[in-house]
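Trainee: Starting off with a structure, shown below.
The values are calculated or read from the model by the stated rules, or taken from the named source; none is laboratory data. Since we're looking at a predicted model, the values are computed, not measured. Because the Cβ atoms are built from the backbone with ideal geometry, glycine has one as well, and the counts that use them run over all protein chains shown. Heavy atoms of the whole protein, side chains included, go into the accessibility calculation; ligands, DNA and RNA do not. Shrake-Rupley method; radii C 1.70, N 1.55, O 1.52, S 1.80 Å.
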Amino acid sequence: MTDHVPTPGPLRLGAVVLAGGTAARMDGIDKASIELGGVTLLERALAATMSALEVVVVGTEVPTTRPVTFTREDPAGGGPAAGLLAGLDGFWRMPDLVCVLAVDMPRVDAGTVARLTWAVEADAAVDGAWLVDADGREQPLAAVYRTASLTAARPASREDEHGLPVRRLLGGLRIAPVAPVGDEARDVDTWEDLRDLGG
């Protein structure tokens, strides 16, 4: 009689949406509330992460069309790396994979997240996958990471998270590049960017 070896189940996906930026080049407006095609950037991000079993939004609490957990880095204004790590702390149940999405990337959709997730699941040697545009610009805030890898990369002291550059947090990780489809790697940094995307 042979022992039954259980087949591992699918990896649990969670999402951290970073919605707390200052938008200095857009007169300090709350980017999450900007509408594109009549839909706020936050709602677009929530639609893109629909496959996540749990979503944590790092930013100001507002009404949303799906249940999410809101949190903020402490102290506020710590930057995207601190926001990402605060998002990790906001999960009720820690997922195996974390989709990290900046709220100002409105062309990222559920298909994008699926491709990023597949790239990680397909290669046990990588710690994550992120979009890389046609110019070779990496988008670490449009990515899926292994939660264990993010936890291992976290500074030993919480005080060192504030102001930590994203590149330093992720610098030691093995990342699979994923080419964008269309303009899904575009972000909204200026009013001109928004107009170019049809806003």
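Trainee: I want to verify a result. In a Gaussian network model of the chain, Cα cutoff 10 Å, which of these has the top mean-square fluctuation: ASP160, ASP96, ASP127?
Mentor: Judging by the Gaussian network model, the answer is ASP160.
Trainee: How many nm separate the modelled label positions at ARG158 and ALA47, each set 7 Å beyond the Cα in the direction of the Cβ?
Mentor: For the pair ARG158/ALA47, the computed spacing is 3.6 nm.
Trainee: Keeping all protein chains in place and using 1.4 angstrom, which order do ILE175, ILE34 fall into by accessible surface area, from largest down? Show your work: numbers first, answer last.
Mentor: Values: ILE175 40, ILE34 10 Å².
The most accessible residue leads, giving ILE175, ILE34.
Trainee: Now for a different question. Let me check something: with ligands and nucleic acids excluded, how do TRP130, TRP118 order by accessible area (1.4 Å probe), largest to smallest? Provide the component values of the computation, followed by the final result.
Mentor: Working: TRP130 25, TRP118 170 Å².
Result of the area sort, largest leading: TRP118, TRP130.
Trainee: For the chain, what is the accessible area per residue in Å², given a 1.4 Å probe and the full set of protein chains? Please list the in-between numbers first.
Mentor: Working: 10150 Å² over 199 residues.
With all protein chains present, the chain gives 51 Å² per residue.
Trainee: Related question: Per the 1.4 Å probe, what fraction of the accessible area of the chain, in percent, lies on carbon and sulfur atoms? Walk me through the numbers before you get to the answer.
Mentor: Details: 5520 of 10150 Å².
Here it works out to 54 percent.
Trainee: For the pair THR69/ASP89, report the inter-label distance in nm, with labels modelled 7 Å from Cα in the Cβ direction.
Mentor: According to this spin-label approximation, the distance is 1.2 nm.
Trainee: Would you kindly derive the ³J(HN,Hα) couplings of the stretch 38-46 from the backbone phi angles with the Karplus curve 6.51 cos²θ - 1.76 cosθ + 1.60 (θ = phi - 60°), listing them in order in whole Hz, with x for Gly and Pro?
Mentor: For the stretch 38-46, the Karplus curve yields x, 10, 5, 4, 5, 5, 5, 5, 5 Hz.
Trainee: Scan the stretch 52-94 for chymotrypsin sites (Phe, Trp or Tyr not before Pro) in coil per DSSP, keeping those whose Cβ has at most 16 other Cβ atoms within 10 Å, and list them by number.
Mentor: Listed in order of number, the matching sites are TRP92.
Trainee: Taking only Cα atoms and a 10 Å spring cutoff, compute GNM fluctuations for the chain and point out the largest among LEU42, LEU101, LEU173.
Mentor: Maximum among the listed residues: LEU173.
Trainee: To continue, here is another question. Pick from GLY79, GLY87, GLY182: which residue has the top mean-square fluctuation in a GNM of the chain where Cα pairs under 10 Å get a spring?
Mentor: GLY182
Trainee: Can you compute 3J(HN,Hα) from phi for each residue in the stretch 154-159, using the Karplus curve 6.51 cos²θ - 1.76 cosθ + 1.60 with θ = phi - 60°, rounded to whole Hz and x for Gly and Pro?
Mentor: Ordered by residue, 3J(HN,Hα) equals 5, x, 5, 10, 4, 4 Hz.
Trainee: For ASP135 and ARG167 in the same chain, what is the full-extension length gain: residue separation times 0.36 nm, less their Cα-Cα distance, in nm?
Mentor: Details: separation 32, 0.36 × 32 = 11.52 nm, distance 1.81 nm.
Going from the current span to full extension adds 9.7 nm.
Trainee: Size of the dipole of the chain about the Cα centre, Lys and Arg at +1 and Asp and Glu at -1 on the beta carbon, nothing else charged, in debye to 20?
Mentor: Details: 18 positive and 29 negative charges, 68 e Å.
With only Lys, Arg, Asp and Glu charged at Cβ, the dipole is about 320 debye.
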